[in-house]
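Worksheet: one structure, shown below.
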Amino acid sequence: MSVPYHTPFDKTDLANLGITDPWSFGIADRTHWSDMDPLAHVNNAAYLSWFENVRLAWLSARKLSYFGPGQPKFVIRQVGIDYLGEMHMNEDYVVTSRVRDYRRTSFTMDYAVYALRDGQPVLCTTSHAVLVLLAPEGGKMALTPDLITILTKQDGAISAV
């Protein structure tokens, strides 16, 4: 199966690949030599890099890229990963993301990695990360109403407060 690499997928694109709710965003790629470990499967650390890539693409697609001096920024407070199945060299895969819930100054993103095998998505890894919004001068900053609207309308996030 051929998928466009590094191109953001929305819910419809994901559904066409057989990846359905709750996922609202994704990016496809292929495993590379640099992702492998001595046991000939994807190294645990590679997944963190993939989640970072999809998170940055998600932020950009939602026009939430807080980068540069004097701008608020998102920082990771916590991350957890469940490894469900091996992935190997030269496998196409899709990393999905969505915001599950939000609090006053943070939100939780969920991720999943699907290997595309024989035209079917196979769930290999799930993850979550808690992101905190920091003010430019430091310290936590409340999520704005506009940001909350984006999280709820585009990702289906719910309030956890």
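The values are calculated or read from the model by the stated rules, or taken from the named source; none is laboratory data. Treat the numbers as computed from the prediction; the structure is a model and nothing was measured. Cβ atoms come from the backbone with ideal geometry, glycine included; neighbour counts cover every protein chain shown. Calculation scope for accessible area: heavy atoms of the full protein, side chains included, ligands and nucleic acids excluded. Shrake-Rupley method; radii C 1.70, N 1.55, O 1.52, S 1.80 Å.
Brief remarks on what is shown
- Residues in the stretch 90-121 that are in contact with an Asp or Glu (Cβ under 8 Å, 6 or more places away or on another chain), more than 18 Å from ASP155 (Cβ to Cβ) and open to solvent by 30 Å² or more (accessible area, probe 1.4 Å): ARG117 only.
- Considering residues of the stretch 17-36 that are open to solvent by 50 Å² or more (accessible area, probe 1.4 Å) and among the charged types (D, E, K, R) only, the residue farthest from ARG100 (Cα to Cα): ARG30
- Taken together, the residues in the stretch 36-77 that are part of a helix (DSSP H, G or I), more than 22 Å from LEU143 (Cα to Cα) and without any contact (Cβ under 8 Å) to a residue 40 or more places away in the chain amount to 5.
- Taking the listed residues LEU14, LEU64, LEU39, LEU59, the one that is more than 27 Å from LEU134 (Cβ to Cβ) and open to solvent by less than 30 Å² (accessible area, probe 1.4 Å) is LEU14, with no other qualifying.
- THR126 being of a type in the set (Ser, Thr, Tyr), surrounded by fewer than 17 Cβ atoms within 10 Å (Cβ to Cβ) and not in a helix (DSSP H, G or I): yes
- Hits in the stretch 82-121 - residues which are in contact with a helix residue (DSSP H, G or I) (Cβ under 9 Å, 6 or more places away or on another chain) and basic (Lys, Arg): ARG98, ARG100
- Residue match in the stretch 151-158 (condition: of a type outside the set (S, T, N, Q), surrounded by fewer than 13 Cβ atoms within 10 Å (Cβ to Cβ) and part of a strand (DSSP E or B)): yes
- Residues that are aromatic (Phe, Trp, Tyr) and open to solvent by less than 50 Å² (accessible area, probe 1.4 Å), drawn from the stretch 67-89: PHE74
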